[in-house]
Structures are given as structure tokens and as C-alpha cells.
Amino acid sequence: MVVSQAPAFLQIKDVVKDFGGVKAVNHVSIDIAKGEIFALLGSSGCGKTTLLRMLAGFETPTSGRIILNGHDLAGLPPYLRPINMMFQSYALFPHLSVEENVAFGLKRDGMPKDDIAARVEKMLKLVQLSKYAKRKPHQLSGGQQQRVALARSLAKRPDLLLLDEPLGALDKKLREETQIELVNIIEQVGVTVVMVTHDQEEAMTMASRIAIMSEGNILQIGAPSEVYETPANRFVADFIGNVNLMDGTLIDDNPDHVIIECADCKHYVGHGITGNEGMPVSVAVRPEKIHVTRERPEGEYNHVRGTIKDMVYFGSHTVYHIQLGSGLVLKVSESNIARHRDDPLTWGDEVWASWTPLSQVVLTQ
Ligand code: ATP
């Protein structure tokens, strides 16, 4: 084994997986710290499962290296890697009790009986299922089965836990509750986790950092707030949460600001971008960063006029769909707490939508 000098606990170094012409994973490099919960996020076919399977040892990289805790994993079969993988289906043994399921891998490894009993007890306590130890999987709810699977995955104290769509089999409400539970358990144990999901809310809730993948490539790596607030490109902006994308051209480039002209308005950008006049760009603005007013805002930048085409009431907030002159429909999400209470907006109203320069992101790709 090769000992690496690099500090990251898990290093994925320039990894490629080519399935006879299909590059499922294309020169991917990621450094993951010990104890991190790291999510690979992307739509179907982007290569996230292939990358996870290479970490587990079920697939061999075409090129590149995977180094865990200083050891190159090349040539190491799955069962010799200090890694455990939990699948979407949980794959619990239906004929074994909860405790027998958790004990299964330990028994296979020849661990002494008393040690197994102590470890299983500890694991079931961790996932709060001690009193279900004698039950069979079919006598448990989906969420409880998921926790048994987690206890079984953690029983061998792996260095790295791989989660493949861990909550995919649960309904939405249970999934949301279980996400937080799972993070609490993982943090108590301190295990490093790489998870695969196509659900951006799941990635945002659970992960300390997210890699957004498309067609085998990593488009951006960052904390949930980073990828949401400062997406690297149109794909990421669109993939993470809701966004309004306005395409335009850079028409005025000054040392301290630029002006971007789109079909419906001009944007003033007081920070961070440089470019040549005429350069095509997109401006991204999140729906909750836009305000709707009946009166025209002051100044000449960052506001558009339109007509309310649709309104969707969500209790805590309302989403307005505002039809602009160019045909673009702007989505605006406003809190229902105070705004417009005395003068409610309705379908067909002519309104202004505005936002501040700091709440928009300029995308050059
Ligand atoms: P999903 O969310 O649907 O599981 P994914 O993002 O995990 O998708 P992968 O399963 O990693 O995507 O697949 C990435 C690409 O590699 C796809 O184009 C897929 O068809 C291809 N692929 C995956 N496994 C193989 C294989 N064994 N042989 C050939 N092509 C494969």
C-alpha cells in the first residue's frame, strides 16, 4: 500500500470510469475530511452511483486513484476495505431478527460471542431500537427498518460509510424526520460518510458539503449555503432550489460596477465580475429575494414590470408568477406575515418586481 502525505481522509484523485465509450465518471477529484457527511448530487445517469461503487470496490476505476486514510485502495476487494455501503432497499435478511441482522457481519468476521452481543446492544441503543431487538424486519415501520440497516452498517465500525439514496424508500414526511435522525447518529459515531442522492433537499439537509454532478463531471463542490447562494453556473443554479434566470449582455464595464441588459430590465452589478462589453451572461435571482410592489421602485436598475398570472398559497408564503413583457415568467416567493395584508394582490394585477444587486448572481457560463 502507498502511504499518502496529503491531509484529506478520503482522496479521490482524477478518477475516470469508462464503460466502453461511455465516460460515466470523467476526471473527478474530491478531498473529503474525516467525519464529514459529503453528498454526491445529480440527476439520473450523472455518474454518482458509479463513483460510489468505485469507493466500495464494486467497480474498478479506468484511471485515477482512491486513497483512504493514507492507503491506496487499488486492487483491494470490497470485503477487505474498511468501508460499508447501505443501499436504498436496506437488504435486511427477512428471516433474521433485528439483533441477528445487526450481528450478521460481526459473526461472519469471527468476532467472539460476548463482544458481538455488547456491540449489537450498543448499536441498537444508538438507533433507539433496543426494545425491538427480537422483532423481524416485517414487524417494523419503514423508518425503523432503515435504522436497523444503519445499525448493521455501523456495527463493524467502518472508516467510511457509503449511503446510496438512503431514504429513497420512505415517504416524504418520514424522510424529512429521518434525515435529521440519521445525521445525529452519524455525528455521534463520527464516521465519514459519502452519500448519493438525486434529492437536493436531502443533500442540503444532511451534508456538510455537496458535489453537483452532470454527465460524469463535477460542476461545483461547496457547503449547501455556498452552492445555493453562489452557484457556479446555470445548471447548478437551476438544479439547487428555484431560480429566475434572465439572459442578457454586458453593456457597460466600469472599474466598480457593470451593467447587464436583459430583455425586461437592466441589472446593476456592483461586485465581483469582470468581462468585455457584449459578453453574454445570465443573471440568477432566487424567488425569495424578489419583492412585489404596486408602485414603481426608484432608480433605473433591478426592477421589472409585469402582470400576476398565477398565485400559489403555501401558508407561510405565497408564490406569484409574474408575466413579463419578454414572455419570461418571474417566480416570486413572499412571506405571508405582513406584506400586502391590507391591499392583497390578485390575478391580473399590474405590479413591479424588484431586488437588490447583492441578491443576484451573474453567471458567465
Ligand atoms: P441513477 O440515479 O439513475 O442511479 P447515476 O447518476 O447513479 O444514476 P450511474 O448509475 O453512475 O448514474 O451511471 C452513469 C452512466 O454510466 C450512465 O450513462 C449509465 O448508463 C452508465 N453505466 C453505469 N453502469 C454501467 C455499466 N455497468 N455498463 C455500461 N454503462 C454503465
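Annotation: of all residues in the range 9-26 being part of a strand (DSSP E or B) and crowded, with 18+ Cβ neighbours inside 10 Å, the one that is nearest to the ligand (Cβ to nearest atom) is ALA24.
Being touching a residue at least 24 places away in the same chain (Cβ under 8 Å), within 16 Å of the ligand (Cβ to nearest atom), more than 16 Å from the chain's Cα centre (by Cα) and within 23 Å of THR50 (Cβ to Cβ) is the requirement here; does GLU215 meet it? Criteria met by GLU215. Only a single item in (1) away from the ligand (no atom under 16 Å from the Cβ); (2) within 22 Å of the chain's Cα centre (by Cα) is not met by ALA91, and it is number (2).
Look through VAL319, VAL292 and report the one residue that is assigned to a strand (DSSP E or B) and either free of Cβ contacts under 8 Å to residues at least 40 places away in the same chain or on the phi > 0 side of the Ramachandran plot (or both). I'd like the intermediate steps shown before the answer.
On the way: VAL292 fails: either free of Cβ contacts under 8 Å to residues at least 40 places away in the same chain or on the phi > 0 side of the Ramachandran plot (or both).
Just a single option satisfies the conditions, and that option is VAL319.
Of all residue pairs spaced 6 or more apart or on separate chains, those with beta-carbon atoms under 9 Å, a first member in the range 35-46 that is more than 6 Å from the ligand (Cβ to nearest atom) and a second member that is among the aromatic types (Phe, Trp, Tyr) and in a loop (DSSP other than H, G, I, E, B) are GLY35/PHE9; GLU36/PHE9.
Say whether the condition of being small (Gly, Ala, Ser), more than 16 Å from the ligand (Cβ to nearest atom), surrounded by fewer than 20 Cβ atoms within 10 Å (Cβ to Cβ) and not in a helix (DSSP H, G or I) is met by at least one residue in the range 114-126. No. Would a scan of the range 231-240 turn up a residue that is away from the ligand (no atom under 16 Å from the Cβ), surrounded by fewer than 16 Cβ atoms within 10 Å (Cβ to Cβ) and under 23 Å from ILE37 (Cβ atoms)? So far as the range 231-240 goes, no, none of its residues is away from the ligand (no atom under 16 Å from the Cβ), surrounded by fewer than 16 Cβ atoms within 10 Å (Cβ to Cβ) and under 23 Å from ILE37 (Cβ atoms). Across the range 296-324, which residue is surrounded by the most Cβ atoms within 10 Å (Cβ to Cβ) among those that are in contact with a Phe, Trp or Tyr (Cβ under 7 Å, 6 or more places away or on another chain) and charged (D, E, K, R)? Once the filter is applied, the top-ranked residue is ARG305.
Can you tell which of GLU100, GLU59 is assigned to a loop (DSSP other than H, G, I, E, B), among the acidic types (Asp, Glu) and at negative phi? Step through it out loud before you land on a result.
Values: GLU100 fails: assigned to a loop (DSSP other than H, G, I, E, B).
Going through GLU100, GLU59 in turn, just one is assigned to a loop (DSSP other than H, G, I, E, B), among the acidic types (Asp, Glu) and at negative phi: GLU59.
Looking only at the range 47-57, count how many residues are near the ligand (Cβ under 10 Å from one of its atoms) and of a type outside the set (Val, Ile, Thr). Result for the range 47-57: 6.
Identify, from the list SER153, SER208, SER141, the residue that is of a type in the set (Ser, Thr, Tyr), modelled with pLDDT under 90 and either more than 16 Å from THR49 (Cα to Cα) or in the same structural domain as VAL25 (by TED's automatic domain parsing) (or both).
On the way: SER153 fails: modelled with pLDDT under 90; SER208 fails: modelled with pLDDT under 90.
When all the criteria are applied, what remains is SER141.
Has the range 258-279 got any residue that is touching a residue at least 24 places away in the same chain (Cβ under 8 Å), on the phi < 0 side of the Ramachandran plot, exposed (fewer than 14 other Cβ atoms within 10 Å of the Cβ) and assigned to a strand (DSSP E or B)? Within the range 258-279 (the criterion being touching a residue at least 24 places away in the same chain (Cβ under 8 Å), on the phi < 0 side of the Ramachandran plot, exposed (fewer than 14 other Cβ atoms within 10 Å of the Cβ) and assigned to a strand (DSSP E or B)), the answer is no, since none of the residues qualifies. Condition first: part of a helix (DSSP H, G or I) and closer than 17 Å to GLU165 by Cα. Now tell me which residues in the range 200-237 satisfy that. Within the range 200-237, GLN200, GLU201, GLU202, ALA203, MET204, THR205, MET206 meet the criteria.
The values are calculated or read from the model by the stated rules, or taken from the named source; none is laboratory data. Values in this document were obtained by computation on a predicted structure and should not be read as measured data. Counting neighbours? That spans all protein chains shown, and the Cβs are built from the backbone with ideal geometry, glycine included.
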